[in-house]
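Worksheet for the structure shown next.
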Amino acid sequence: MTDRTLRLQEILLEWGTTHRRQLPWRENRHPYHILVAETMLTQTQVGRVTRYYQDFLSRFPTPFVLAESSAPEVLESWVGLGYNRRALRLRQCAQVLVEEHDGLVPDVQETLRSLPGVGAYTANAILAQAFNKDVSAVDTNARRVLVRAFVGQPMTQVALQIRADSLVPHGRSWEWTQAIFDLGALICRVKPSCDRCPLAADCLFDGHGLDPYIPPRRQSTFAGSRRQYRGQIVRALAQGVQDKEELRRHTGLDADSFNSIYQELKNEGFFGTTETAPPGASNPSTSTLGGCTGTSHGTQHHMDSAAINYTEVYSVED
DNA sequence: AACCCGGGGGA
DNA sequence: TCCCCAGGGTT
């Protein structure tokens, strides 16, 4: 690592401790809590998630509770957040955790990625924030900071991930993750505030032209869109409506148009009746389903004390 | 690679 | 109206 890189790393860590946003999902490092937070945060702003996060965890405090819930119950705690299929995948994820992992969130990347709704980013976000592994969670914010300040040139996704992992200060991935997120969200935004940036002196970004290429997620007009009708159906489901014809009336659609969306929702588990195991996990030979002692379900208890210790350590550093 | 998913805030 | 957002899954 070059001297410049080391300076950036040190400055960013220091800045992170003094400018860290206080967010509900930063109060502890329970893997299940991190999983829920990261799922809610996919393509959804922090300000919106804060209004849902704690209520959701109060209602579904462990994978065991979530796995036993019904789809409409989960939707009731989700509608308004958007991307409602995330809620169904999270529920399916909890079922896999219970059936195959004793209700614990795995700490192995490949295992994490095999879970419904967990991709490369979320897997790394859990490893870095819940298990303190030296891996980098490269989201859209982190990508800007990394490419602009550290790399200084276009780079493929795979290469950037390798580079990003190499920049994680050993054993400090939690605070490193928060520091990068906070800088990306507060300073190194799409339209950056370089005049307020602590990294400006060593940054490779000249203010224009170096942004990583991110393909636009164009979304067609919402009014009258399939999205809108889907949303109407999901809201009705969350309110307990089950009758198919009544659901159709909530949209005002003709039978064919409605059926198209209805079938899609059904396939995605919005009715909770199809307990189809996700692809790749279809082996029903659950090993130790009855072997649990039944004492500490849903709490990765070995993490609880660690979370408290870390919190104390970091609050002293300020 | 392109497309799908919700919704709201802001320019 | 268009862009943006702690992405993931399917085709």
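The values are calculated or read from the model by the stated rules, or taken from the named source; none is laboratory data. It should be emphasised that the depicted structure is a prediction, and the values quoted were computed from it without experimental measurement. Glycine gets a Cβ as well: all are built from the backbone with ideal geometry, and neighbour counts include every protein chain shown. What goes into the accessible areas is simple: the full protein's heavy atoms, side chains included, and nothing from ligands, DNA or RNA. Shrake-Rupley method; radii C 1.70, N 1.55, O 1.52, S 1.80 Å.
Of note:
- Global geometry of the range A:64-217, whether rounded, prolate or oblate, following the gyration tensor of its Cα atoms and the 1.5 cut on a/c: prolate
- Averaged per residue, the range A:81-220 has 46 square angstrom of accessible surface, using a 1.4 angstrom probe with ligands and nucleic acids left out.
- Per-peptide packing, taken as the mean over residues of other Cβ atoms within 10 Å, places A:201-208, A:163-170 in the sequence A:163-170, A:201-208 from highest down.
- Under Karplus coefficients 6.51, -1.76 and 1.60, residue-wise ³J(HN,Hα) of the range A:4-18 in Hz, glycine/proline x: 4, 4, 5, 4, 4, 4, 5, 5, 5, 4, 5, 4, x, 5, 8
- Couplings for the range A:123-136, taken from phi via the Karplus curve 6.51 cos²θ - 1.76 cosθ + 1.60 with θ = phi - 60°, read 4, 5, 4, 6, 4, 6, 9, 9, 10, 6, 7, 7, 10, 10 Hz in order; Gly and Pro are left as x.
- On full extension, the segment bounded by A:Asp107 and A:His19 gains 28.8 nm, given 0.36 nm per residue less the C-alpha separation.
- Accessible area per residue in Å² at 1.4 Å probe, computed on the range A:226-267: 58
- Solvent-accessible area, 1.4 Å probe, carbon plus sulfur percent, for the range A:226-267: 38
- The phi torsions of the range A:108-115, fed into the Karplus equation with coefficients 6.51, -1.76 and 1.60 and a -60° offset, translate into couplings of 10, 4, 5, 5, 4, 5, 7, 7 Hz, rounded to whole numbers, with Gly and Pro shown as x.
- Overall form of the range A:148-200 per C-alpha gyration tensor (a/c, 1.5; a/b vs b/c): oblate
- Solvent-accessible area, 1.4 Å probe, carbon plus sulfur percent, for the range A:1-159: 47
- Cα gyration tensor, the range A:226-267 - rounded (a/c under 1.5), prolate or oblate: rounded
- Here each label is just a point 7 Å from Cα along the line to Cβ, and for A:Glu27 and A:Gln153 those points are 4.7 nm apart.
- Contact order relative to length of the range A:19-159, as percent, for alpha carbon pairs under 8 angstrom and 6 or more apart: 21
- A Förster distance of 30 Å, applied to the separation of the beta-carbon atoms of A:Leu204 and A:Arg48, puts the FRET efficiency at 0.40.
- Distance-filtered residues of the range A:242-260 - backbone nitrogen under 19 Å, label point 7 angstrom along A:Phe222 Cα→Cβ: A:251-252
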